[in-house]
Amino acid sequence: MNVLIVFAHNEARSFNAAMKDLAVDTLRAQGHAVQVSDLYAMGFNPVASAADFTQRRNPDYLVYALEQRHGYETGTLAPDIAAELDKLQWAELIIFNFPIYWYGMPAILKGWVDRVFVSGLCYGGRRIYDRGGLAGKRAMLAISLGGQEHMFGPDAIHGELDLLLRPIQRGMLGYVGLTVLPPFIAYHVPYLSHDARQAILADYQAHLARLDQLEPLAFPRMDDYDEHLRPKPAP
């Protein structure tokens, strides 16, 4: 299996980096091919702009998604986007490895999604969810939190973790057709002892060892909706 790890942490000695290194070693030991996009180390530009296209369909007015489509079709996307697209198309599993910032992903990773999930390849029109352009590939979040596990849940202080992650797991990954595996969550990481961190890494290694046994998350199926994307009546 070809695995791409998209890694977004600004400290090379961080626990997130340890998770990334463990995943690389574990997956390669299992016989998988692994590439890593270390966004901070790469100096990846997260800002979507007109500079993302070496040739424009409409040079006078920027509609970013339409220019993405044109750039993909004509091979005129910026070189850094094209390089990430090559990795994305090569991968059969994409692991997004990052800390939660303000109930979401770091800006550099959100910018990677903005620029690399290009219209015309990853999505477009009715090519969403199970018909999305990345259908047949799998994805998974490997994330860390400052909060403790009891702080997340229906009546917990921060609410349900599934709802916190919904914009990412459904709105980004599921939307483009990826089969999304249950996330691996490392709780309370900045405040744990070395031994407690090692225990989390052991749990992550076990999680990686059973990827094929994990039940994917459920998202909409396009056959259940009409041409206007309204739910079809129950049979």
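The values are calculated or read from the model by the stated rules, or taken from the named source; none is laboratory data. In this text the structure is predicted, and so the values were computed from the model without any measurement. All Cβ positions, even for glycine, are placed from backbone atoms using ideal geometry, and neighbour counts span all protein chains on display.
Can you go through A12, A33 and tell me which one is aliphatic (A, V, I, L, M), modelled with pLDDT under 95 and farther than 19 Å from D114 by Cβ? Steps first, answer last, please.
Details: A33 fails: modelled with pLDDT under 95.
The unique qualifying residue is A12.
What's the total number of residues in region 169-184 that are among the aliphatic types (A, V, I, L, M), within 14 Å of A142 (Cα to Cα) and not in a loop (DSSP other than H, G, I, E, B)?
To start, the set of residues in region 169-184 that are among the aliphatic types (A, V, I, L, M) comprises 172-173, 176, 178, 180-181.
Imposing the further condition that a residue be within 14 Å of A142 (Cα to Cα) reduces the set to 173, 180-181.
Filter once more, keeping what is not in a loop (DSSP other than H, G, I, E, B): 173, 180.
Residues that pass the stated criteria total 2.
Just name the residue that is surrounded by the most Cβ atoms within 10 Å (Cβ to Cβ) out of those in region 155-206 that are modelled with pLDDT under 95 and of a type in the set (F, W, Y).
Y187
Give the residues of region 1-32 that are out of contact with any strand residue (DSSP E or B) (no Cβ under 8 Å at 6 or more places or on another chain) and basic (K, R), sorted by residue number.
Across region 1-32, the qualifying residue is only R13.
Scan region 68-79 residue by residue and report those that are in a helix (DSSP H, G or I) and within 13 Å of F117 (Cα to Cα). Lay out the reasoning, then the answer.
Filtering region 68-79 down to residues in a helix (DSSP H, G or I) leaves 68-74, 79.
Q68, R69, G71, Y72, listed by residue number.
If I ask for residues that are over 17 Å from R170 (Cβ atoms) and part of a loop (DSSP other than H, G, I, E, B), which ones from region 215-235 would you list? Outline the logic, then answer.
Going residue by residue through region 215-235, those that are over 17 Å from R170 (Cβ atoms) are 223, 226-228, 230, 232-235.
Within region 215-235, D226, E227, H228, R230, K232, P233, A234, P235 qualify.
Could you list, in sequence order, the residues of region 65-89 that are of a type in the set (D, E, K, R) and out of contact with any Lys or Arg (no Cβ under 9 Å at 6 or more places or on another chain)?
Taking region 65-89 as the starting set, the residues that turn out to be of a type in the set (D, E, K, R) are 67, 69, 73, 80, 84, 86-87.
Listed by number, the residues that qualify are E73, D86, K87.
From the residues in region 38-64 that are among the small types (G, A, S) and assigned to a loop (DSSP other than H, G, I, E, B), which one is surrounded by the most Cβ atoms within 10 Å (Cβ to Cβ)? Before the answer, list the steps.
Let us first name the residues in region 38-64 that are among the small types (G, A, S), namely 41, 43, 48-51.
Now narrow it down to the ones that are assigned to a loop (DSSP other than H, G, I, E, B): 43, 48-49.
Numbers: G43: 9, A48: 18, S49: 11.
The residue in question is A48.
Considering only residues that are modelled with pLDDT under 95 and outside any strand (DSSP E or B), look in region 99-119 and name the one that is surrounded by the most Cβ atoms within 10 Å (Cβ to Cβ).
Going through the qualifying residues, I end up with I100.
D162 versus (1) in a helix (DSSP H, G or I); (2) farther than 24 Å from M19 by Cα: which is the lone unmet condition?
Of the numbered conditions (1) in a helix (DSSP H, G or I); (2) farther than 24 Å from M19 by Cα, the odd one out for D162 is (2).
Failed condition for Q35, given (1) in a strand (DSSP E or B); (2) out of contact with any strand residue (DSSP E or B) (no Cβ under 6 Å at 6 or more places or on another chain); (3) of a type outside the set (A, V, I, L, M), with all others met?
In the conditions (1) in a strand (DSSP E or B); (2) out of contact with any strand residue (DSSP E or B) (no Cβ under 6 Å at 6 or more places or on another chain); (3) of a type outside the set (A, V, I, L, M), Q35 misses (2) alone.
If you go through region 15-30 one residue at a time, how many are of a type outside the set (K, R) and free of Cβ contacts under 8 Å to residues at least 12 places away in the same chain? Talk me through it step by step, then tell me what you get.
Of region 15-30, the ones of a type outside the set (K, R) are 15-19, 21-27, 29-30.
Applying the additional criterion that residues be free of Cβ contacts under 8 Å to residues at least 12 places away in the same chain yields 17, 21, 25, 29.
Adding up the residues that qualify gives 4.
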